[in-house]
1. Name the lysines eligible as straight-distance cross-link partners of Lys146: C-alpha to C-alpha under 21 Å, and not fewer than 8 places from it in the same chain.
2. Hand me the trypsin sites (Lys or Arg not before Pro) from the stretch 1-76 located in a DSSP loop with no more than 10 other Cβ atoms within 10 Å, in residue order please.
3. Find how much the distance from Lys126 to Val68 grows on full extension, using 0.36 nm per residue of separation minus their present alpha carbon separation; answer in nm with one decimal.
4. Enter the angle in degrees (range 0 to 90, nearest 10) between the Cα long axis of helix 411-424 and the first principal axis of the Cα atoms of the chain, meaning the one along which they spread out most.
5. Just to be sure I understand the model, the point goes 7 Å from the Cα along the line to the Cβ. What's the resulting Asn333 to Glu207 distance in nm?
6. Along the positive direction of the dipole of the chain (beta-carbon charges: Lys, Arg +1; Asp, Glu -1; about the Cα centre), which of Thr33, Val230, Gly302 reaches farthest?
7. What do you get for the angle between helix 38-47 and the principal long axis of the chain? Use alpha-carbon atoms, 0 to 90 degrees, nearest ten.
8. I need the phi-derived Karplus couplings for the stretch 372-385: 6.51 cos²θ - 1.76 cosθ + 1.60, θ = phi - 60°, integer Hz, Gly and Pro marked x.
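The values are calculated or read from the model by the stated rules, or taken from the named source; none is laboratory data. Quick caveat, the model's predicted, so the values are computed rather than measured. Heads up, the Cβs are rebuilt from the backbone with ideal geometry, glycines too, and the neighbour counts pull from every protein chain shown. In case anyone asks, the SASA skips ligands and DNA or RNA and just uses the protein heavy atoms, side chains included. Shrake-Rupley method; radii C 1.70, N 1.55, O 1.52, S 1.80 Å.
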Amino acid sequence: DGRLTFYPGNQTVDLPFINFMKRYGTVFLNAYTNSPICCPSRAAMWSGLFTHLTESWNNFKGLDPDYVTWMDLMEKHGYRTQKYGKLDYTSGHHSVSNRVEAWTRDVDFLLRQEGRPMVNLTGDRKHVRVMEADWRNTDKAVSWIKEEAVNLTQPFVLYLGLNLPHPYPSPYAGENFGSSTFLTSPYWLEKVTYEAIKIPKWSSLSEMHPVDYYSSYTKNCTGEFTKQEVRNIRAFYYAMCAETDAMLGEIISALRDTGLLEKTIVIFTADHGELAMEHRQFYKMSMYEGSSHVPLLVMGPGVKEQQQVPNVVSLVDIYPTMLDIARIPVPQNLSGYSLIPLLRGKAENKVPRPSWALSEFHGCNVNSSMYMIRTGKWKYIAYSDGHSVLPQLFDLTADPDELTNIAMKFPVIVRSLDKMLRSVVNYPEVSSTVQEYNKRQFISWKQSLGQNYSNVIANLRWHQDWLKEPKKYENAIDKWL
């Protein structure tokens with residue numbers, strides 16, 4: 001969650017290396033994902049193109065494997081390149097459940113797709129390496145810096161992708177099936193200031209925006225939660241962020257130990273945030289700040305120190321920025337703009353870049369395509385064809401927690417923001433393209449299963465609900481088709 005990198009969010013957990021980057025570099029106060037879910041978001045970051053242009057519709061549908069990323073171009077221009085850890089930007093990953101849930105989101109049924117979010121404490125006060133796979137990748141990156149990078153005559157670019165602070169797949173059956181465990185150790189939990197944790201306000205279920213209600217239901221969050229449960233989920237999430245920060249620290253320390261820190265640009269960002277029970281949801285797949293607002297910090301030669309940039313930026317800006325750093329000509333067709341002028345502290349009025357950021361979402365846990373434009377103090381969210389689902393408008397200055405939708409109150413602003421959105425993306429057309437894609441994919445998947453279809457679909461992640469009335473749900477799908 002990007003808000004943890006600046007005040008007041010950073011009061012909740014100790015993130016020493018994020019703070020180090022702020023002291024010696026620049027923090028972006030308004031950086032957004034272009035799609036709040038792993039694969040489509042990463043596709044935008046690696047391609048420099050908006051989601052509707054690459055057609056990265058869900059966690060199964062990303063970039064073509066042979067897509068030319070900024071790293072490919074840097075390699076072509078003489079950079080030594082190295083990747084470790086989670087990449088997840090090409091088509092074909094994630095579970096069958098994930099795909100089918102995304103394809104069937106227009107079906108008229110409500111089924112829980114996730115396990116109820118919960119916490120789990122492991123180990124003792126000395127247990128540092130909770131997320132072992134991430135630590136192994138961090139160790140590899142550190143060794144590479146100390147053994148390879150330090151001896152190179154050519155410039156290098158190193159990418160390290162971490163899973164944390166993503167919740168863990170939980171082993172539970174019954175009520176708590178699914179991937180939704182916030183796991184940490186006492187060592188990391190001690191870095192969290194419990195008193196500073198805000199318990200989010202929730203609308204009653206009957207007052208929720210219909211898309212929010214669907215999300216909350218499919219994420220298994222419509223049941224009763226005590227204040228203590230909510231506070232714990234948030235605390236454990238922050239503890240997982242502290243563990244992530246320590247991995248960033250390993251990279252910074254390795255660069256410092258090898259004398260490379262002074263001449264290396266370091267960028268820290270994320271594919272999306274985590275709602276951690278804001279708006280009665282966990283996970284991402286939402287345009288609310290917890291999910292769509294990402295961290296973006298940069299330090300290194302030529303980057304202004306102790307600078308906070310208020311401009312609205314997004315992950316598509318990474319592609320042109322990387323090329324700019326490497327002095328490689330930037331292609332004209334990109335959706336993003338180089339951040340270098342802002343990083344150097346150039347006066348804002350001289351920087352030609354849009355005053356808005358676009359995010360869009362077409363995947364699971366949300367029963368409509370949604371589009372967000374963020375500009376100035378406004379956040380405008382449009383759904384589907386722009387008519388069948390009511391839009392949302394939030395004034396983030398007056399209402400930072402996004403509790404009051406004021407779209408009905410300000411029709412003139414809604415009209416002007418909708419016009420701005422349509423000038424970037426013909427969103428009714430994109431929504432209908434996604435609907436057709438979902439049907440096509442589902443039909444070909446169904447045909448591939450033959451006689452086995454009824455059994456397979458009943459036993460996906462929604463099996464707890466589905467198996468109560470399998471015929472009813474199969475009929476709802478037939479009706480949709």
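1. The reachable lysines, counting only those whose Cα sits under 21 Å from Lys146, are Lys83, Lys263.
2. Hits after loop and neighbour filter: nothing returned.
3. Extending this stretch completely gives an extra 16.5 nm.
4. 70
5. Here the answer is 4.8 nm between the modelled labels.
6. Gly302
7. 40
8. 10, 10, 10, 8, x, 8, 9, 10, 10, 10, 10, 10, 6, 8
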